[in-house]
1. Roughly how large, in nm² to one decimal, is the mean projection of the convex hull of the alpha-carbon atoms in the stretch 254-302?
2. May I have the extent of the alpha carbons of the stretch 131-304 along their three principal axes, as whole Å values ordered from largest to smallest?
3. With +1 on the Cβ of every Lys and Arg and -1 on the Cβ of every Asp and Glu, and nothing else charged, how large is the dipole of the stretch 82-191 about its Cα centre, in debye rounded to the nearest 20?
4. Suppose R0 equals 41 Å; then what is the FRET efficiency for Glu294 and Thr101 from their Cβ-Cβ distance, rounded to the nearest 0.05?
5. Testing the spin-label approximation: label points 7 Å from Cα along Cα→Cβ at Arg65 and Glu39. State their distance in nm.
6. On a full-extension model of 0.36 nm per residue, what is the gain between Leu324 and Arg343, subtracting their alpha-carbon distance, rounded to one decimal in nm?
7. Taking every pair of Cα atoms in the stretch 88-134, average 1/r, invert it to obtain the Kirkwood radius, and report Rg/Rh to two decimals.
8. Among the lysines, select those whose C-alpha is under 30 Å from the C-alpha of Lys108, and discard any that sit fewer than 8 residues away in the same chain.
Amino acid sequence: MNILGIETTCDETSAAIVGANEDGAPVLRANEVLSQIAEHAAYGGVVPEIAARAHVEVLDRLIERALAKAGMRLADLDGIAVAAGPGLIGGVLVGLVTAKTLALVGRKPLIAVNHLEAHALTARLTDGLSFPYLLLLASGGHTQLVAVKGVGQYVRLGGTIDDAIGEAFDKVAKLLGLGYPGGPEVERMAESGDPERFALPRPMLGRREADFSLSGLKTALRVEAERIAPLAERDVADLCAGFQAAITDVVVDRARVALRSFADVAGHPTALVAAGGVAANGPIRRALAALAGEAGLAFVAPPLDLCGDNGAMIAWAGLERLRLGLVDDLTVPARARWPFAERPGAAAVTG
Ligand code: KG4
Ligand code: ZN
């Protein structure tokens, strides 16, 4: 079985082909990713109109390249999977219309994948993980702790009540005059800084619900930065180090709380998994690995090229859904918003 996966929900355009061998184990045949970071950098964030246009310009070529790398033609595929949301609607439409066209012309099943579900299932592509597991999904637009019980079965144990973690990194970077995206820049600057020079808060620490709140931390950092302005390079490094340390503490504390409530909704987890762009962050990865170790769990984080947005995760989620007969027809809509996990007690989202 071989599936084409198309990703255009934000600022990466990607086409990938993922197959499964006779035992059902995944085979990553091609994963072509083109980042638009350069196009958006001047604006300090993603500009939706520019993103949609950039997807149109390169998607066809990326699909051709992915097919060539896999040594396949459209006729060899078993299905076309596409991220149908959540995301910037113009970009989502570009991917979805392309996927529908290929599915129609090639007479292939269409699988409309939730982008967040694809992040959630990536650990099964990379590590063959079994259900259930605890997932920290942290990207520029999302921050959630989710019990992943099966394909289409996701229970939300916590989430952010204001900024997403990646968004907080991006805003701090902007405030300190660092580049976009902010996560890698703040992480790099933090390495040479003193994490204790500024006493930054750890919002929600110790709370019994696994929710996040990051705007207070961001504001505290801004107040400190304004107090000592103009900022020398050392000041920026120390502020980054303080922020990185605070956010790492918060993430570990929230994940610990989610682990505690996991058994009530899903039994014993097989692992703690980190996914989304923020899962590329070294200190957060190391701290989560230590937490998993304490709890006697494996820690799984996808390799860096599969942490950020990519077509391989869409293809894999499509393959998992197709195996269960979960396909879509050509009327499936593009969705700017599309929650994928429900609070405990609510009905699971399957379609
Ligand atoms: O999943 P992703 O590629 O795109 C979506 O938002 O869907 O995540 C991008 C986010 C950005 O906010 C970026 O700053 C953050 O992930 N990020 C990081 C790191 N690398 C990317 N945050 C912290 N540390 C990093 N090393
Ligand atoms: Zn993403």
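We did not get these values from a lab; they are worked out from the coordinates using the rules stated. This is a predicted model, so every value here is computed, not measured. Every residue, glycine as well, gets a Cβ built from its backbone with ideal geometry; the counts of neighbours run over all protein chains shown.
1. 3.4
2. 52, 31, 27
3. Roughly 620 debye for the stretch 82-191.
4. Values: r = 50 Å, r/R0 = 1.22.
Plugging the Cβ-Cβ distance into 1/(1 + (r/R0)^6) gives 0.25.
5. A separation of 1.4 nm, rounded to one decimal place.
6. That pair, Leu324 and Arg343, stretches by 4.5 nm at full extension.
7. Details: Rg = 14.1 Å, Rh = 12.7 Å.
Result for the stretch 88-134 is an Rg/Rh of 1.11.
8. Qualifying lysines at Cα under 30 Å: Lys69, Lys100, Lys149.
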